[in-house]
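Asks: Have a look at the structure that comes next, please.
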Amino acid sequence: MQWNNVAGPNLSQQNTEQKASQSKYTRYQLIEGVKGALKGKVVVSNIGVPSKELYDALHQPSNFYMMGSLGLATSIGLGIALNTGNEVVVIDGDGSLLMNTGCLATTASESPSNLTILALDNGVHGSTGNQPTATSKVVNLEIVAKGMGIKNTTSAHTPEETRKAMQSGKGPRFIHIPAVPGNKNVQNIPLTAQEIKKGVMEFLKK
């Protein structure tokens, strides 16, 4: 049997070039640009700099700032969404999602309508020195999410497009947002893990 290579590499190259041409905002600029849409919602943010940037842009008791466990932001958000009627937003990253793509299959299987995943994809591990991830070369995270069974997927390239996508259709939503590498110089989060957990739990009791 002869197998033909049906334009796989060309598609990957096209995706990568398109992403590079459409990336205009850093992760912080995107978080800052959508913070109004995050107010009053449970927000689970990926470990490291993403959580520190969220704290700087919009601190609220309902933010769950991860301090460990790379790859589990979406898994934690899924668990919360399945046990609350509140809207839950996950700020995840390409490095995290590549480490645990299975979380997308579980999300599709459980299909909570109150969950939105913002996949901020800057093509690097931004918290550890900007080492490139596979999304900088060959992986399109929206295609991955769709292949895992998530029906409501889209790409957004500006804060305005992201805010619009967050209100579009039924969850779970997966919004792929290409970003420019770079970290905002922000302070460490002045909260303990226990304080972060308590804030979210108290919010969920309301």
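What follows draws every value from the coordinates through simple rules; no lab data is involved. Since the model is a prediction, treat every value here as computed from it, not as a measurement. Please note: Cβ atoms are built from the backbone with ideal geometry, for glycine as well, and neighbour counts cover all protein chains shown.
Asks: Out of ILE91, GLY71, GLY182, whose Cα points farthest toward the positive end of the dipole of the chain (charges: +1 Lys, Arg; -1 Asp, Glu; placed on Cβ)?
Replies: ILE91
Asks: Then there is this: So if I restrict to the alpha-carbon atoms in the range 107-206, what is the Rg, and what is Dmax, the biggest pairwise distance, in Å?
Replies: 16.1, 45
Asks: Taking only DSSP H segments of four or more residues, each worth -39500 (n - 2.57), what value at 222 nm results for the chain once the sum is divided by all its residues, to the nearest 500 deg cm²/dmol?
Replies: Details: 9 runs with 88 residues, N = 206.
Rounded to the nearest 500, it is -12500 deg cm²/dmol.
Asks: Over the Cα atoms of the range 66-111, how large are the radius of gyration and the largest Cα-Cα distance (Dmax), in Å?
Replies: Spelled out, the Cα radius of gyration and Dmax of the range 66-111 are 10.3, 29 Å.
Asks: Equivalent-ellipsoid semi-axes (√(5λ), Cα gyration tensor) for the range 49-158, whole Å, largest first?
Replies: Details: eigenvalues 84, 73, 29 Å².
Semi-axis lengths for the range 49-158 are 20, 19, 12 Å.
Asks: Can you pull the three principal axis extents for the Cα set of the chain, in Å, largest first?
Replies: The Cα atoms of the chain stretch 60, 37, 30 Å along their principal axes.
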